[in-house]
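To start, the structure under review is shown below, and the notes come after it.
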Amino acid sequence: MKHIFKHWAQIVRAQYLTLPIVLSLLGNAYAYYKGYFQWSTAILALIGLMLAHMSVNVINDYFDYKSGIDLKTKRSPFSGGSGSIVEGIIKPKTALVIGLSLLTLSALIGLYFILTVNWQLLILLLISAFFVIAYSPLILKKRMGEWSAGLGLGAFPVIGTIFVQMGFYSWEMLVVSFPSAILVHNLLLLNEIPDQEADKTANRKTFPILYGPQATIRYYVFLSLLMYIFISSAVSLGILPLLCILSFFVAPLVFSIQKIANKSEVLDFSKILPLNVAHIHLTQLLLALAFIVTRMLK
């Protein structure tokens, strides 16, 4: 039983499922801040989001194996895929079936919300489904991989979570989801650096392949600073509550990554990638906390 659980955790990359939890928390925290929140909606939406995230992981593993990338990558807890197909834990066709089945289950939950909340959710779900299916075979070859991940796995989950709670779209949702778009973009951006040689063999056009590791680090720092400027601007304009400035407490992690990268041309990913994951999660947790505390103080 223990081995079965371990294998399934590896297949769906369970260590990555903290991300949809944090995204869901942020979306629900904003909905609570605006006076819209139901526990049943929050739980069901989280289940749908986690199913979608797992489907992305399994489907990407299938395409990475078929392209030969998984046979060349050096796996780590933060990059290189799950290795479940390469290690013979699951067959390629079975992985594809599981990935599509998880996506279907997620879509059924989405259909429920379309029927019970607002049909306009369909627009967001169709775009998200396209990102899931086309990511590995198409998007990564068109220089859109990082931003499609930032939108599909970052901004859209936050917007979707808010939408099912509130029942309508608003431009403020874009403001709330923008940091998540940058953070998830940056998650993929740094994870691509150790995989760049393997990615070249599949004709992928990732940022590290096109511009090199050091330029990728500089771009990462630039986008992170842009995110903090955006948050401070939104706070000064009254769009976001003042307590969102709490997210600045984890900004030093960005400069720690830059410092490690500047020490040597050979990047130490065992230090850089965990710091990036911590920055991504803690920033969104602090933003969520800001919304919750602000609402409670009212």
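The values are calculated or read from the model by the stated rules, or taken from the named source; none is laboratory data. Keep in mind it's a predicted model, so treat the numbers as computed, not measured. Glycine also receives a Cβ, built like all others from the backbone with ideal geometry; neighbour counts cover every protein chain displayed. Heavy atoms of the whole protein, side chains included, go into the accessibility calculation; ligands, DNA and RNA do not. Shrake-Rupley method; radii C 1.70, N 1.55, O 1.52, S 1.80 Å.
Among the candidates Leu183, Leu190, Leu151, Leu125, single out the residue that is open to solvent by 50 Å² or more (accessible area, probe 1.4 Å), modelled with pLDDT of 80 or more, closer than 18 Å to Ile280 by Cβ and of a type in the set (A, V, I, L, M).
From the options Leu183, Leu190, Leu151, Leu125, the qualifying one is Leu151.
Among the residues of the range 194-212, how many are open to solvent by less than 40 Å² (accessible area, probe 1.4 Å), at pLDDT below 85 and outside any helix (DSSP H, G or I)?
Going through the range 194-212 one residue at a time, the tally reaches 4.
Looking only at the range 63-77, filter to residues that are out of contact with any Ser or Thr (no Cβ under 8 Å at 6 or more places or on another chain) and surrounded by 19 or more Cβ atoms within 10 Å (Cβ to Cβ); which one of those is modelled with the highest pLDDT?
That would be Tyr65.
Give the residue, chosen from Ser224, Ser233, that is of a type in the set (S, T, N, Q), open to solvent by less than 10 Å² (accessible area, probe 1.4 Å) and under 29 Å from Leu174 (Cβ atoms).
From the options Ser224, Ser233, the qualifying one is Ser224.
Go through the range 236-252 and count every residue that is in a helix (DSSP H, G or I) and open to solvent by less than 20 Å² (accessible area, probe 1.4 Å).
Total satisfying the criteria: 3.
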